Amino acid sequence: MTLQQYKTDSVLRQHLDRIQHQSMRELFTSDATRFDQFSVQGPEIFLDYSKNRIDRGILNSLIDLADEAGLSHAIEQMFAGQAINTTEDRPALHVALRNSVGNDVVVNEVEVTREVNRVQQQMFAFAEEIHRGKQLGYSGQPIDTLVSIGIGGSYLGPLLVNRALAPFRIAGLETHFVANIDPTDLTRVLDRIDPETTLFLVQSKSFRTQETLENANAAKQWLLNQGAKESDISKHFAAVSANVPAAVAFGISAERVFPMWDWVGGRYSLWSAIGLPILFQFGREVFEALLLGAHKMDRHFQTTHFDQNLPVLLALIGIWYHNYFGASTHAVLPYEQYLEHLPAYLQQLDMESNGKSVSRNGSAIQYQTGPVIWGGIGCNGQHAYHQLLHQGSQMVPVDFIVSLTSHHNIANHHTHLFANCLAQSQALMNGKSREEAYQELIGGGMTDQHAASLAPHKVIAGNKPSNTLVLDKLCPQSLGSLIALYEHKVFVQGIIWNINSFDQWGVELGKTLEQGIYQNLGTESVPQQSGLDSSTEGLIKKYWQSIRN
Ligand code: F6P
């Protein structure tokens, strides 16, 4: 499915015809400087993109594609606060949340930098009070536990950071996350916390999300059942929302509602007051270092030539595989245990942004857009799904992420981890030919007949591409830079695919249908002319039978 609206598309298709007959092994053997040519040091992150099916000509044409798509102007528009989220007539100004230097962007008559700083001061003051034991619960005990109630972007970002920066946590404080309407999620947290010392933080940009409001109400009822009085509720609740009136109407005192803005998308919001769980658990210094890391990547993205620009390189290489090689998924494999939640975070960031099939002007798109993002930590994946990566029938481009140093020192563990990461990318690239497999089996003493029959099953096609992103060490700044890198990668791909990466109309239908089905589940019988399909109707009846037996 080609990007036929671009002149560069036909040039890239000619490159494709050529490069398809060249192996990466050959590209390396024919150019001793390949690693130096196709790797670059960005802020906090070193990118090795040499194990890709590209050469200088292809990279130049991919950059031509970005130029033809007007990427430079689009970057300027985003940073200038233009309403690039066209269907909602809003800017996408998450970059302003981490721009302590500030700019003169004004949105809805509000000076953005001044407003961001005001809310940050409100956040810092609140966290400071908690850290100094001044925020007391209904029995006079200091608050030492925060339960963040939120879902999607109001959950995945704070959760990712909470787990990734565990070595930097403030001792004596606990953070828990509740997202799902599945009663298990809230139950497993309520079973572990002390009502007298817990603050519930209701995180919801819209303050209309069913899962979040149901959980917040259940938490409120739990607190009352534990002995708190109605008048105590305000001591144990705070909120983050762009819908302050709704949060106050829920019963949260206005001074404990931290505002966010409609020009911050949910999946781009961890840098806003949605990041309060980060500030609570790690303190102001860590939170500001996280923002600084992201800001460094913002400046890199804004000012670096595309052929040295990490987000642009990742984006263009991804488009090369999705739109020219036909890959439909993309794997993110952190060889860093603390980044275990990164793939899930990137699923929302990428798939909710670019899972679109209508162009910015409303016409149906005839080419592939956002890939399926998946992944998991190494080395665990090597013992689970790497088989498909090596011998499966489809090409899965991979981002490996690895740190040069670990936070922990046990025997030679980290060296083995690092070696495994490099071995996987090397194996994906070099593979193993049938002859190599046959000779290996013969060399191991196998009979010619057995070796000949087994060899085809041991062939690894190779020529499978990967990027390797290397952090010095996982810390607040490198984490901030890494997350911003992927935010901007998603933005670049959205511009080239000519889609709006900042709305998410696709999630509304399911929410609407749930309301009707929920009503049906609560009634005594499905109305004869329910109009429901027989599957939905049959399953509703099955549910009834289960709760009536
Ligand atoms: O339904 C999708 C979504 O709107 C996401 O974009 C968002 O991050 C999540 O739900 C939670 O929304 P809110 O923060 O408004 O509760």
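The values are calculated or read from the model by the stated rules, or taken from the named source; none is laboratory data. As the structure is a prediction and not an experimental result, all values here were calculated from the model. Ideal geometry is used to build each Cβ from the backbone, glycine not excepted, and the neighbour counts take in all protein chains shown. Remember, those area values only see protein heavy atoms, side chains included, never the ligands or the DNA or RNA. Shrake-Rupley method; radii C 1.70, N 1.55, O 1.52, S 1.80 Å.
Tell me the relative contact order for the chain as a rounded percent, counting alpha carbon contacts under 8 Å between residues six or more apart.
Once divided by the residue count of the chain, the mean separation gives 19 percent.
Rounded to the nearest Å, what's the spacing between the alpha carbon centres of segment 203-254 and segment 1-47? Just the number, please.
So the separation of the two Cα centres works out to 52 Å.
Before anything else, pin down the relative contact order of segment 248-376: Cα pairs under 8 Å, at least 6 apart, normalised by residue count, whole percent. It would help to have the intermediate numbers written out before the result.
Values: 89 pairs, mean separation 25.5, N = 129.
Rounded, it is 20 percent for segment 248-376.
Projected onto the charge dipole of the chain (+1 at Lys/Arg Cβ, -1 at Asp/Glu Cβ, origin at the Cα centre), which of I410, S525, Y155 gives the Cα projection farthest towards the positive end?
Sorting the options by dipole projection puts first I410.
Relative to the present Cα-Cα distance, how much length would full extension add between R208 and S357 at 0.36 nm per residue of separation?
Full extension from R208 to S357 adds 51.0 nm.
For segment 173-277, with all protein chains present and a 1.4 Å probe, just round the carbon and sulfur fraction of the accessible area to a whole percent.
Here carbon and sulfur together make up 50 percent of the probe-accessible area.
Please get the size of the charge dipole for segment 24-125, origin at its Cα centre, with Cβ charges of +1 on Lys and Arg and -1 on Asp and Glu, quoted in debye to the nearest 20.
380 debye
Can you give me the distance in nm between label points at Q439 and E174, each placed 7 Å from the Cα along the Cα-to-Cβ direction?
About 6.0 nm separates the two model spin labels.
So what is the 222 nm mean residue ellipticity for the chain from helices alone, if each DSSP H run of at least 4 adds -39500 (n - 2.57) and you divide by all residues, rounding to the nearest 500 deg cm²/dmol?
It lands at -13500 deg cm²/dmol.
Keeping the other protein chains in place, figure out the carbon and sulfur percent of the accessible area of segment 100-156, with a 1.4 Å probe. Working shown, then result.
Details: 1330 of 2880 Å².
Accessible surface attributable to carbon and sulfur in segment 100-156 totals 46 percent.
Would you mind computing, in nm to one decimal, how far apart the modelled labels at Y385 and Y367 are, each placed 7 Å from Cα along Cα→Cβ?
The modelled label-to-label distance comes out at 2.7 nm.
If the reach is capped at under 17 angstrom between alpha carbons, list the lysines near K235, excluding any in the same chain fewer than eight residues apart.
Output for K235: K134, K220.
Hey, any idea what % of segment 342-480's accessible area is carbon plus sulfur with a 1.4 Å probe?
54 percent
Whole number in Å², please: accessible area per residue of segment 253-330, 1.4 Å probe, ligands, DNA and RNA not counted.
Working: 1900 Å² over 78 residues.
Computed with neighbouring chains in place, this is 24 Å² per residue.
State to the nearest 20 debye the size of the charge dipole of the chain about its Cα centre, where the only charges are +1 on K and R beta carbons and -1 on D and E beta carbons.
Working: 40 positive and 54 negative charges, 95 e Å.
Dipole magnitude for the chain comes out near 460 debye.
How much accessible area per residue does segment 65-211 have, in Å², with a 1.4 Å probe? Walk me through the numbers before you get to the answer.
Details: 6380 Å² over 147 residues.
About 43 Å² of surface per residue is accessible.
What is the distance in Å between the Cα centres of segment 441-474 and segment 137-168?
Centre-to-centre (Cα) distance: 44 Å.
Considering only C-alpha atoms, what is the centroid distance from segment 51-70 to segment 499-526, in Å?
41 Å
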